[in-house]
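*Asks:* My questions all concern the structure below.
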Amino acid sequence: MYRYDEFDHAFMQERVSQFSRQVERRVKGEMTEDQFKPLRLMNGLYLQLHAYMLRVNVPYGVLSSTQLRGLAEIARKYDRGYGHFTTRQNIQYNWIKLEEMPQLLADLADIEMHGIQSSGNCIRNTTSDQYAGASADEIEDPRVYCEIIRQWSTLHPEFSYLPRKFKIAVTGAPKDRAAVALHDIGLRMHHNAAGETGFEVIVGGGQGRTPVIGKTICEWLTPADLLSYLEAILRVYNLWGRRDNMYKARIKILVNATGIDEFRSQVEAEFEDIKASPLKLDQAEVDRINEYFQPPAYETLDNADLSEQRAANADFDAWLKSNIAEHKVPGYTIVNLSLKGPDQPPGDLRSGQMEQVADLADQYSFGELRVTHRQNLVFTDVKQQDLFELWQKLVEIGVATANINRASDMICCPGLDYCALANARSIPISERINQRFSDIDRLHDLGELSINISGCMNACGHHHVGNIGILGVEKKGQEFYQFTLGGSSAEDASLGDRTGPGFSTDEVVNAVERILNTYIDQREDEDENFLETYRRVGMAPFKEALYGAN
């Protein structure tokens, strides 16, 4: 994984010193909250309902075991002993004291981490496929280009004050695990007719109050032109994006208002002016960055026979069915750690658990792990012969629920328990759904399924693209929950269709039950998943189950 160079270290020390002075002025009352707000946002510090919240970047979701131990210590020292992993593959701390922020940032710098550009109207943390570099279906490792984008975008003088926040995602595999069509810019690596690897460039995706599936602006872009083309898109957006209305400031609004053909024309004109500039990526620079992502020292192994352990242990068998993925190297596998266990808010991990996971990463996965956009963790390089032993240890820690891509593997925002923007609670709803669908046999019978929950229209819980989406709303002082069906954030990205009126807090879990029972009744066979069934039969049977016949 990437390691900070001299520039990175010097930059972080300067930023810590600078923000320390700014915090001191705010604490002394020499600066108002309105004056302080843009300064704290530059460092990832938000003011939430009960306390300050710090968001820490995890670039393209890659963490070392040393960094995870450092994050555990920060959770113990500055928070309430836990951290919350987010859909941007970051980690958040919800109980930060302002006067402790300078030392906290210094501690983060010691483990080569920071919160710069995790908030504000700038280019946010670039996200990627959590299996990057290890997946059997990968065309090329996207982390190399994610790191190049990180270095190009950090403190970019032209794009530090964009009309609105800006998000980029990169995937290097045909199966989209990075939700590229739901980003301001999505990059999908694929081959052209000559067999060369390049990027499909998708622009104008996003969720929030106006959800949009991104549109392809360039079918195939050579990697040498990647930064020039990104710069061209951002220049057009920076010039024409609205700054008079924050709800209409995202690039998705501009692309829809302009039309993709006219927007493409403006980008291409800008691109022609700059593509021969120093932004052009030469192969030597790509190779230099690629050196940071060389594969670990894999052993020559045969695929392990686990049939005896599977036959003797139904729980282990269920875990293998849902929580592992195919590795590109024989004898190895990718292991998903579920942060959606019983009595565990989605994405939360206690400091002690972080340290235990870090120890297991050292022992079983070359000291590295990943954060997923579905708020779980991944060991990318586990020997198949170690799976049973590793599973037993994950069970002890509480991160071995066999539910990856199943009904209880929910994306969930913090909701009204923490967020000042939320209209309704989301964590208690997710916990109740988890309890209702805790039986592993039932989870696996329901098959692959995504349930996403947001506490407001900002859609931090990605409800628009859940197979089942749940949106919390407030009506006359009461919390209600609206449903959408048929969403997807994968390569077949789609927005969910609204079912109808919302349900009260007491009714919402039963409504989920009725939706899933209808799916069981309507599916053609056990191999047809929820999304396939919904797309085949449509809304009508689900609507009848929820509201009765008209």
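*Asks:* I'm trying to understand the selection: among the residues of segment 187-199, which are closer than 17 Å to residue 281 by Cα and not hydroxyl-bearing (Ser, Thr, Tyr)?
*Replies:* Once the filter is applied, which keeps residues that are closer than 17 Å to residue 281 by Cα and not hydroxyl-bearing (Ser, Thr, Tyr), segment 187-199 yields 187, 189, 196, 198, 199.
*Asks:* Here's another thing I want to ask about it. Just need a number here: residues in segment 374-401 that are assigned to a loop (DSSP other than H, G, I, E, B) and surrounded by fewer than 24 Cβ atoms within 10 Å (Cβ to Cβ).
*Replies:* Result for segment 374-401: 3.
*Asks:* So which strands (runs of 3 or more DSSP E) are wholly in segment 82-175 and hold at least 1 residues that are in contact (Cβ under 8 Å) with a residue 12 or more places away in the chain and surrounded by fewer than 19 Cβ atoms within 10 Å (Cβ to Cβ)?
*Replies:* 91-96
*Asks:* Could you grab the pairs with beta carbons closer than 6 Å, sequence gap of 6+ or different chains, first residue in segment 312-334 and in a helix (DSSP H, G or I), second one of a type in the set (Ser, Thr, Tyr)?
*Replies:* Taking only residues 6 or more apart or on different chains, not a single pair turns up.
Table: residues versus (1) surrounded by 14 or more Cβ atoms within 10 Å (Cβ to Cβ); (2) under 24 Å from residue 178 (Cβ atoms); (3) of a type in the set (A, V, I, L, M, F, W, C).
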residue: 467; (1), (2), (3): yes, yes, no
residue: 481; (1), (2), (3): yes, no, no
residue: 491; (1), (2), (3): yes, yes, no
residue: 495; (1), (2), (3): yes, yes, yes
residue: 508; (1), (2), (3): yes, no, yes
residue: 524; (1), (2), (3): no, no, no
residue: 529; (1), (2), (3): yes, yes, no
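*Asks:* Can you give me the number of residues within segment 31-57 that are over 10 Å from residue 96 (Cα atoms), part of a loop (DSSP other than H, G, I, E, B), at pLDDT below 95 and over 22 Å from the mean Cα position of the chain (by Cα)?
*Replies:* Here the count works out to 1.
*Asks:* In segment 40-80, how many are among the aliphatic types (A, V, I, L, M) and more than 30 Å from residue 170 (Cβ to Cβ)?
*Replies:* Residues that pass the stated criteria total 3.
*Asks:* Kindly check whether there is at least one residue in segment 288-298 that is farther than 24 Å from residue 145 by Cα, at pLDDT 95 or above and aliphatic (A, V, I, L, M).
*Replies:* Scanning segment 288-298 turns up no residue that is farther than 24 Å from residue 145 by Cα, at pLDDT 95 or above and aliphatic (A, V, I, L, M).
*Asks:* What are the residues in segment 1-30 that are crowded, with 16+ Cβ neighbours inside 10 Å and farther than 19 Å from residue 112 by Cα, if any?
*Replies:* 22, 23, 26
*Asks:* Hey, another quick one. Out of curiosity, is residue 487 under 22 Å from residue 529 (Cα atoms), of a type outside the set (A, V, I, L, M, F, W, C) and buried (at least 16 other Cβ atoms within 10 Å of the Cβ)?
*Replies:* Yes: the conditions hold for residue 487.
*Asks:* Residues in segment 496-550 that are among the aliphatic types (A, V, I, L, M) and more than 25 Å from residue 434 (Cβ to Cβ): how many?
*Replies:* 4
*Asks:* Of the residues that make up segment 413-430, is at least one buried (at least 23 other Cβ atoms within 10 Å of the Cβ), among the hydrophobic types (A, V, I, L, M, F, W, C), in contact (Cβ under 8 Å) with a residue 12 or more places away in the chain and part of a helix (DSSP H, G or I)?
*Replies:* Yes.
*Asks:* Checking the conditions here, which among 144, 203 is within 30 Å of residue 247 (Cα to Cα), touching a helix residue (DSSP H, G or I) at 6+ places or on another chain (Cβ under 9 Å) and in the same structural domain as residue 258 (by TED's automatic domain parsing)?
*Replies:* Just a single option satisfies the conditions, and that option is 203.
*Asks:* What is the one condition in (1) assigned to a helix (DSSP H, G or I); (2) within 23 Å of the chain's Cα centre (by Cα) that residue 3 does not satisfy?
*Replies:* With respect to (1) assigned to a helix (DSSP H, G or I); (2) within 23 Å of the chain's Cα centre (by Cα), residue 3 is out only on (1).
*Asks:* If you go through segment 86-113 one residue at a time, how many are out of contact with any Asp or Glu (no Cβ under 9 Å at 6 or more places or on another chain) and of a type outside the set (A, V, I, L, M, F, W, C)?
*Replies:* 10
The values are calculated or read from the model by the stated rules, or taken from the named source; none is laboratory data. This is a predicted model, so every value here is computed, not measured. Every residue, glycine as well, gets a Cβ built from its backbone with ideal geometry; the counts of neighbours run over all protein chains shown.
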